[in-house]
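The values are calculated or read from the model by the stated rules, or taken from the named source; none is laboratory data. Keep in mind that what you see is a predicted model, and the values were worked out from it rather than measured. Here Cβ is always computed from backbone atoms with ideal geometry, including for glycine, and neighbour counts include all displayed protein chains.
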Amino acid sequence: MQYLITAIFCFLSTAALAGEGRVTLETPSQQVKTGSQFYIDINVHDVPEIYGVHLVLKYDPAQLKVLDQDKKMPEIQLEHGNFLDEDRLFVLKNAVSVQGNTIDYIVSQMAPANSVSGSGRVARVFFEAHSNATKSDVTIEKADFGTRDGQSLTFTTDSTLSFAFDSAYDIVKPPPANHNNVMLLAGILIIMLLISLTALLRRKRDELTSAEKA
């Protein structure tokens, strides 16, 4: 809890130290078929140890709709990335403001999670282009990172992706399946298979026992 409180105060602080590393918006294609869906990854590259992040993205609701990734929550949600420890993640804010044209994402790891460094995906945003969309920018308005000891860091930011929309463009392929979800599904299938095999063996054993008694 101490680290969580430290991280929250860190995000609310205006003081920030410039650090090595880079923040980027990345997408498979910036030419998107009108009326179709696509996604943007917010990635970090070669960052030092961090414990939390505060992101604000700017977009145009007249051109784009943000797609909710967690229907159980009351507000439109981004998808968490694989850089921070999702199993020990405290979400202070994960919401879209259509009126304010912004996407606000504030998360921090919690003990006993370790600080993370290097490169990876912080979050992923799914959009749908309106049927009358023509062009639009998505911009990083804020990208602050917090360390475990309360420092606030900023990194070099490639802040804008410019998109063009047309009915002649291809539909963007969906992202690869989440590795953790694939492993979970595989585990469930293996357990179901073992249960089925166990039931079959028991039935065969009971049939043999009945035959011997007869």
Among (1) modelled with pLDDT of 60 or more; (2) part of a loop (DSSP other than H, G, I, E, B); (3) on the phi < 0 side of the Ramachandran plot; (4) not acidic (Asp, Glu), the one test that Gly35 misses: (3)
Unmet criterion (only one of (1) modelled with pLDDT of 95 or more; (2) in a strand (DSSP E or B); (3) under 16 Å from Ile42 (Cα atoms); (4) among the aromatic types (Phe, Trp, Tyr)) for Phe155: (1)
Criterion violated by Gly150 - all others in (1) under 27 Å from Glu75 (Cα atoms); (2) assigned to a loop (DSSP other than H, G, I, E, B) satisfied: (1)
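One line per residue, one yes/no per condition, for (1) surrounded by 15 or more Cβ atoms within 10 Å (Cβ to Cβ); (2) under 18 Å from Ile42 (Cα atoms); (3) of a type in the set (Asp, Glu); (4) touching a Phe, Trp or Tyr at 6+ places or on another chain (Cβ under 9 Å):
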residue: Leu64; (1), (2), (3), (4): yes, yes, no, yes
residue: Leu67; (1), (2), (3), (4): yes, yes, no, yes
residue: Met73; (1), (2), (3), (4): no, no, no, no
residue: Asn94; (1), (2), (3), (4): yes, yes, no, yes
residue: Gln99; (1), (2), (3), (4): no, no, no, no
residue: Tyr105; (1), (2), (3), (4): yes, yes, no, no
residue: Met110; (1), (2), (3), (4): yes, no, no, yes
residue: Gly118; (1), (2), (3), (4): no, yes, no, yes
Qualifying residue in the stretch 78-89 (condition: buried (at least 22 other Cβ atoms within 10 Å of the Cβ) and among the small types (Gly, Ala, Ser)): no
